[in-house]
Amino acid sequence: MDSLIIEGPAKLSGTVTVSGSKNTTLPLLFASLLFDKEIQFENVPRLWDVETTLKLLETMGSEFSWNKDLGRVSILPRVRVKVAPYEWVRRMRAGILALGPLLAKYGEARVSLPGGCAIGARPVNYHLEAMKRLGVGIEVEEGYIKAQIRGELIGCDISFPQVTVTGTENILILALSARGTTRISNAAREPEVVRLGEMLRDCGAHISGLGTSTIEVQGGELRPPAKPILIPSDRIEAATWIAASVATRCPLTIDHTDNSALGSVIQAYRALGAKIEGNARGTSLFVEPRNSYASIEIETAPYPGFPTDMQAQILTNACLAHGTSKIRETIFENRFMHVAELRRLGAKVSVRRNVATVEGPTKLVGAPLMATDLRASACLVLGGLSAYGQTKVSRIYHLDRGYQRLDEKLRHLGAKIQRGQE
Ligand code: EPU
């Protein structure tokens, strides 16, 4: 298993380029199952989750080629087996995104129940309830969701009890195969959902309300995409680079960003003590940390609120701030696993229910750490960049699931960071 060894405190300088968005790539790759022709994708990030998705599509019968250097993927969608096996879904919960496209195109699917993970129970009941309302027959047996459309699906009103990103994506796709209009209330407004909807619209789908909490989808035929599908830049990676600038107190230029998707993050980091400016086109950020940081109060929320996927990173930054910071996690019930590891660096953090209280400023000191999930891994790397001395972060395969070559990019910026094997 790989680990990262970091000598801190790191000095960074220069420009870093953000890769393609993981959480946009995954639903778009699964959506290729809706078509019969070869589909091209550009700016695909080199990530384990992308590899897992492509392999999963391959086990179903599709063929793919992936030029990792150019970020180009080509998929020839074919489905011999309409099954997403446990072996793959346990590695990547986003495997549940196979369910909507398989049902929409083939009327049946068997997808492994994902099970819990390090950040929470993460059930998929909202996906299944919404599918049942549209008319899908669903049984859960032997750890699998067995779904079948008998007759036809009829468009209806679906109101999610809680905002769900992949749930909205699955229903957006499935509703295309229903007769009439489906109205999704309390829909996710995340840019990743908008991009999926835009791609489907380019293929002839009638979808309105993207980016709002009510999306309307009209059932109808799709044609294959006429041109390669471009993956936008990863907003969480961009935000993590803001966090890296703050963690090291070094100015950074972050290129290939979508600044319009970073509003709540920029606001939070300005409050903490970073000067952040964007270029006129909204595709680049310049971050200049101030000498001392102020404590913050953050609450994670669905988009456009502060993303749960940045909670761990900003919590690490808050350790350097003067006073008491409060960070409330409202999306996942168990997303503070990184706190125990950060304490090993000397962080003064306590957790009560869903609120972490951080006392600062703390001089962090390097220590061996264990990563538990993707964003937690990023926060431990940030901790190592801030800390004095050597930090070793083990189990960084989590990091490779969602950040394209983070250690290489950091080395390029001047950090002393090495990959080791254990
Ligand atoms: N929920 C249910 N039942 C459901 C669906 C969701 O109770 O059927 C709950 C979840 O347990 C959670 C909340 O609703 O408490 C929101 O979960 P959501 O469904 O939105 O999460 P997701 O779609 O599984 C996506 C991202 C996550 C990101 C969340 C929240 C992808 C592939 N994953 O997950 O990304 O944290 O939305 O924004 O898009 C990551 O990239 O590190 C990551 C975990």
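The values are calculated or read from the model by the stated rules, or taken from the named source; none is laboratory data. Since this is a predicted model, take the numbers as computed values, not measurements. Using ideal geometry, Cβ is built from the backbone for each residue, glycine included, and neighbour counts are taken over all protein chains shown. Keep in mind that these areas ignore ligands, DNA and RNA; they rest on the heavy atoms of the full protein, side chains included. Shrake-Rupley method; radii C 1.70, N 1.55, O 1.52, S 1.80 Å.
Does the range 304-314 contain any residue that is away from the ligand (no atom under 15 Å from the Cβ) and either modelled with pLDDT under 95 or assigned to a helix (DSSP H, G or I) (or both)?
No, the range 304-314 contains no residue that is away from the ligand (no atom under 15 Å from the Cβ) and either modelled with pLDDT under 95 or assigned to a helix (DSSP H, G or I) (or both).
Taking only pairs six or more apart or across chains, which ones have beta-carbon atoms under 8 Å, a first residue in the range 163-190 that is in a helix (DSSP H, G or I), and a second residue that is among the polar types (S, T, N, Q)?
VAL165/ASN23; ILE171/THR182; ALA175/THR182
All but one of (1) in contact (Cβ under 8 Å) with a residue 60 or more places away in the chain; (2) away from the ligand (no atom under 16 Å from the Cβ) hold for GLU63; which doesn't?
(1)
Which count do you get for residues in the range 194-209 that are in contact with a helix residue (DSSP H, G or I) (Cβ under 6 Å, 6 or more places away or on another chain) and either away from the ligand (no atom under 16 Å from the Cβ) or of a type in the set (D, E, K, R) (or both)?
3
Any idea which residue in the range 161-193 is most open to solvent (accessible area, probe 1.4 Å), counting only those that are within 16 Å of the ligand (Cβ to nearest atom) and touching a strand residue (DSSP E or B) at 6+ places or on another chain (Cβ under 7 Å)?
So in the range 161-193, the residues within 16 Å of the ligand (Cβ to nearest atom) come out as 161-174, 184-193.
Right, trim to touching a strand residue (DSSP E or B) at 6+ places or on another chain (Cβ under 7 Å) and you get 168, 171-172, 184-187.
Numbers: THR168: 0, ILE171: 0, LEU172: 0, ILE184: 0, SER185: 34, ASN186: 56, ALA187: 2 Å².
Only one residue fits best here, namely ASN186.
Say whether the condition of being basic (Lys, Arg), over 30 Å from PHE35 (Cβ atoms) and in a helix (DSSP H, G or I) is met by at least one residue in the range 229-237. Steps first, please.
Step one: of the range 229-237, the residues basic (Lys, Arg) are 235.
Applying the additional criterion that residues be over 30 Å from PHE35 (Cβ atoms) yields none.
The answer is no, given that none of the residues of the range 229-237 is basic (Lys, Arg), over 30 Å from PHE35 (Cβ atoms) and in a helix (DSSP H, G or I).
Pick out, from the range 18-130, the helices (runs of 4 or more DSSP H) lying fully within it that include 3 or more residues that are open to solvent by less than 60 Å² (accessible area, probe 1.4 Å) and over 24 Å from GLY219 (Cβ atoms).
Working: elements: 22-31, 48-60, 86-89, 99-106.
Answer list for the range 18-130: 22-31, 48-60.
Does THR257 meet the test of being open to solvent by less than 20 Å² (accessible area, probe 1.4 Å), touching a residue at least 40 places away in the same chain (Cβ under 8 Å) and not in a helix (DSSP H, G or I)? Working first, answer last.
Working: open to solvent by less than 20 Å² (accessible area, probe 1.4 Å): yes; touching a residue at least 40 places away in the same chain (Cβ under 8 Å): yes; not in a helix (DSSP H, G or I): yes.
Answer is yes for this residue.
Any residue at all in the range 395-413 that is in a strand (DSSP E or B), more than 13 Å from the ligand (Cβ to nearest atom) and open to solvent by 70 Å² or more (accessible area, probe 1.4 Å)?
Applying the first criterion (in a strand (DSSP E or B)) to the range 395-413 yields none.
No - not one qualifying residue is present in the range 395-413.
Is it true that some residue in the range 318-329 is more than 25 Å from CYS250 (Cβ to Cβ), among the aliphatic types (A, V, I, L, M), assigned to a strand (DSSP E or B) and open to solvent by less than 10 Å² (accessible area, probe 1.4 Å)? First the steps, then the outcome.
Within the range 318-329, the first condition is being more than 25 Å from CYS250 (Cβ to Cβ), and the residues that meet it are 324, 326, 328-329.
Subsequent filtering for residues that are among the aliphatic types (A, V, I, L, M) retains none.
Scanning the range 318-329, I find no residue that is more than 25 Å from CYS250 (Cβ to Cβ), among the aliphatic types (A, V, I, L, M), assigned to a strand (DSSP E or B) and open to solvent by less than 10 Å² (accessible area, probe 1.4 Å), so the answer is no.
Looking only at the range 149-160, which residues are more than 9 Å from the ligand (Cβ to nearest atom), assigned to a loop (DSSP other than H, G, I, E, B) and touching a Ser or Thr at 6+ places or on another chain (Cβ under 9 Å)?
From the range 149-160, those more than 9 Å from the ligand (Cβ to nearest atom) are 149-159; that's our starting set.
Next, only the ones that are assigned to a loop (DSSP other than H, G, I, E, B) stay: 150-153, 155-156.
Once the filter is applied, which keeps residues that are more than 9 Å from the ligand (Cβ to nearest atom), assigned to a loop (DSSP other than H, G, I, E, B) and touching a Ser or Thr at 6+ places or on another chain (Cβ under 9 Å), the range 149-160 yields GLU152, LEU153, GLY155, CYS156.
Do the conditions hold for VAL217, that is, is it crowded, with 23+ Cβ neighbours inside 10 Å and assigned to a helix (DSSP H, G or I)? It would help to see each step written out before you state the result.
Details: crowded, with 23+ Cβ neighbours inside 10 Å: yes; assigned to a helix (DSSP H, G or I): no.
No.
If you go through the range 133-148 one residue at a time, how many are within 12 Å of the ligand (Cβ to nearest atom) and either over 24 Å from the mean Cα position of the chain (by Cα) or open to solvent by 80 Å² or more (accessible area, probe 1.4 Å) (or both)? Write out each step before concluding.
So the first thing to find is which residues in the range 133-148 are within 12 Å of the ligand (Cβ to nearest atom), and the list is 145.
In the following step, the residues that additionally are either over 24 Å from the mean Cα position of the chain (by Cα) or open to solvent by 80 Å² or more (accessible area, probe 1.4 Å) (or both) were identified as none.
The qualifying residues number 0.
Residues to consider are ARG290, ARG235, ARG270; find the one that is among the basic types (Lys, Arg) and in contact with a helix residue (DSSP H, G or I) (Cβ under 8 Å, 6 or more places away or on another chain).
Working: ARG290 fails: in contact with a helix residue (DSSP H, G or I) (Cβ under 8 Å, 6 or more places away or on another chain); ARG270 fails: in contact with a helix residue (DSSP H, G or I) (Cβ under 8 Å, 6 or more places away or on another chain).
When all the criteria are applied, what remains is ARG235.
Report the residue count in the range 351-393 for those that are within 19 Å of LYS11 (Cβ to Cβ), open to solvent by less than 40 Å² (accessible area, probe 1.4 Å) and assigned to a loop (DSSP other than H, G, I, E, B).
3
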